[in-house]
Ligand code: TYD
Ligand code: MG
């Protein structure tokens, strides 16, 4: 790969960089290469982005270098000179938060919309970003706030059709189909709505930048304009950003550092559940999730997420166990399924959905070494149901138990739950917030919990469940298959 990259660089060096030519000819206009994935800037084309390691993501864009142009260039010039202030003298003041009327979204936002904040909602096309924001607009306008929904993707009639599925709207909900940001800022300045939705940032363009809509410089400039509007007028702005695999338009990652809050909408487009994840939040904690279900009438909140994730669990099937993972401050129960069968090939197949394949390989190696179970000649498939992607090591014990259960073809009690991190020596290590996890399991009717020995003591207090503390994977085997 490196050899390839250096050959490409060589070629570019020898060929004359187009950027330089234009610069010489016109004096002011030059071209720059941007990574469409992360916004990395380079004077020449590169095969792989040094910023985000994405291949083939560089695109050439024209930038006009007029001093003080646009929102991003001239910000510092307009302001008076700032003077340092002693920290204790700064008045903080509680932020005013407005509820979106959607509890799951409020939680991810950290309690509601902060006035003058800029929120980016990213996600694959068709996942439900426009639907969610339209529902937010509806709730806000019903509460008496003036809301302006600006769409660059759909016509008024298309939005109306979607809105009809969601419900009735009041006349405080304003629609605008426009892509020219200069016009948009004029309207926002004159009407001063409380909340503005921009759907999507990749369709917007500002006349002060010569590049096409959707390009990195255009998307950045548009966001800078919106940032000034939000902070200057105290308007809360939601920006929709599509995640695109092909890299034809700049992705939302380009903007992550400019906005206050970044939310990503995840989930399988063909399944009905959706997970809204906070990735960055200047006004609250990150890693909170909101769970939604796409229905006929738009997105519905799923308040009892654990129950939802466990629904449809198979009965009397081996290789299935429930685990408790933490999503932010919220315990969430999910099912781990494993299928272990004899391999017909020299190299066994290992496949995972929702969890890291390397971690599963490691855990199987630990099992093999520490408890003498012959897994080297077995194919293994591990699946976390419900479409969640879990990175937390607390699910290790669940993976180990599911693999063991499938390997021995032994059905586990459906009321059994497990969590704990497994180390390379086969030791079961402590995890955080054990008590909350146990409480959530108890709430959903589980009666036995296998967890790290060090966490067992604190969890036993006041719990009606059978708490089994284990020190090693060997203990786990003895406990489940006595
Ligand atoms: P949309 O919000 O347009 O996605 P995005 O803005 O992220 O591209 O959602 C589109 C999908 O949602 C579409 O496939 C249809 C589905 N949908 C429903 O199932 N029910 C509904 O009430 C609505 C409005 C959309
Ligand atoms: Mg949309």
If we keep only residues of segment 183-212 that are within 20 Å of residue 35 (Cα to Cα) and under 24 Å from the mean Cα position of the chain (by Cα), then the residue farthest from ligand 1 (Cβ to nearest atom) is 204
The residue that is farthest from residue 35 (Cα to Cα), considering only those in segment 213-229 that are touching a strand residue (DSSP E or B) at 6+ places or on another chain (Cβ under 6 Å) and buried (at least 23 other Cβ atoms within 10 Å of the Cβ), is 226
Do any strands (runs of 3 or more DSSP E) entirely within segment 293-382 hold 3 or more residues that are away from ligand 1 (no atom under 16 Å from the Cβ), under 24 Å from residue 104 (Cβ atoms) and at pLDDT 90 or above, and if so, which?
320-327, 330-342
Which one of the conditions (1) under 28 Å from residue 289 (Cα atoms); (2) away from ligand 1 (no atom under 16 Å from the Cβ); (3) outside any loop (DSSP other than H, G, I, E, B) does residue 136 fail to meet, given that it meets all the rest?
(2)
Inside segment 237-258, can you point out the residues that are outside any loop (DSSP other than H, G, I, E, B), more than 16 Å from ligand 2 (Cβ to nearest atom) and surrounded by 23 or more Cβ atoms within 10 Å (Cβ to Cβ)?
237, 254, 255
Restricted to segment 280-292 and to residues being away from ligand 2 (no atom under 16 Å from the Cβ) and not in a loop (DSSP other than H, G, I, E, B), the residue nearest to residue 97 (Cα to Cα) is 281
Just give me the residues in segment 428-458 being assigned to a helix (DSSP H, G or I) and surrounded by fewer than 22 Cβ atoms within 10 Å (Cβ to Cβ), in sequence order.
435, 436, 439, 440, 442, 443, 453, 454, 456, 457, 458
Of all residues in segment 112-131, how many are within 16 Å of ligand 1 (Cβ to nearest atom) and touching a helix residue (DSSP H, G or I) at 6+ places or on another chain (Cβ under 8 Å)?
7
Of everything in segment 136-148, what is more than 20 Å from the chain's Cα centre (by Cα) and within 16 Å of ligand 2 (Cβ to nearest atom)? Give them in sequence order.
137, 138
Please go through segment 259-279 and give me each residue that is within 16 Å of ligand 2 (Cβ to nearest atom) and crowded, with 18+ Cβ neighbours inside 10 Å, ordered by number.
263, 264, 265, 266, 267, 274, 276
Using beta carbons and a limit of 8 Å, which pairs, at least six apart or on different chains, have the first residue in segment 125-136 and on the phi > 0 side of the Ramachandran plot and the second one assigned to a loop (DSSP other than H, G, I, E, B) and more than 6 Å from ligand 1 (Cβ to nearest atom)?
126/269
Within segment 97-129, how many residues are more than 16 Å from ligand 2 (Cβ to nearest atom), closer than 18 Å to residue 301 by Cα and in a loop (DSSP other than H, G, I, E, B)?
7
Residues of segment 459-481 satisfying the condition of being under 26 Å from residue 362 (Cβ atoms) and surrounded by fewer than 17 Cβ atoms within 10 Å (Cβ to Cβ)
471, 474, 478, 479, 481
Would you please list the contacts, defined by Cβ atoms under 9 Å and residues six or more apart or on different chains, that run from a residue in segment 150-173 that is closer than 20 Å to residue 237 by Cα and in contact (Cβ under 8 Å) with a residue 12 or more places away in the chain to a residue that is within 10 Å of ligand 1 (Cβ to nearest atom) and part of a loop (DSSP other than H, G, I, E, B)?
151/200; 152/200; 153/200
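Here's the yes/no breakdown for (1) surrounded by 11 or more Cβ atoms within 10 Å (Cβ to Cβ); (2) modelled with pLDDT under 75; (3) outside any strand (DSSP E or B):
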| site | (1), (2), (3) |
| --- | --- |
| 61 | yes, no, no |
| 66 | yes, yes, yes |
| 71 | yes, yes, yes |
| 75 | yes, yes, yes |
| 80 | no, yes, yes |
| 83 | no, no, yes |
| 88 | no, no, yes |
| 91 | no, no, yes |
| 94 | no, yes, yes |
Any chance residue 147 is surrounded by 20 or more Cβ atoms within 10 Å (Cβ to Cβ) and farther than 22 Å from residue 268 by Cα
yes
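The values are calculated or read from the model by the stated rules, or taken from the named source; none is laboratory data. Since this is a predicted model, take the numbers as computed values, not measurements. A quick note on method: Cβ atoms are made from the backbone with ideal geometry, for glycine too, and the neighbour counts reach across all protein chains shown.
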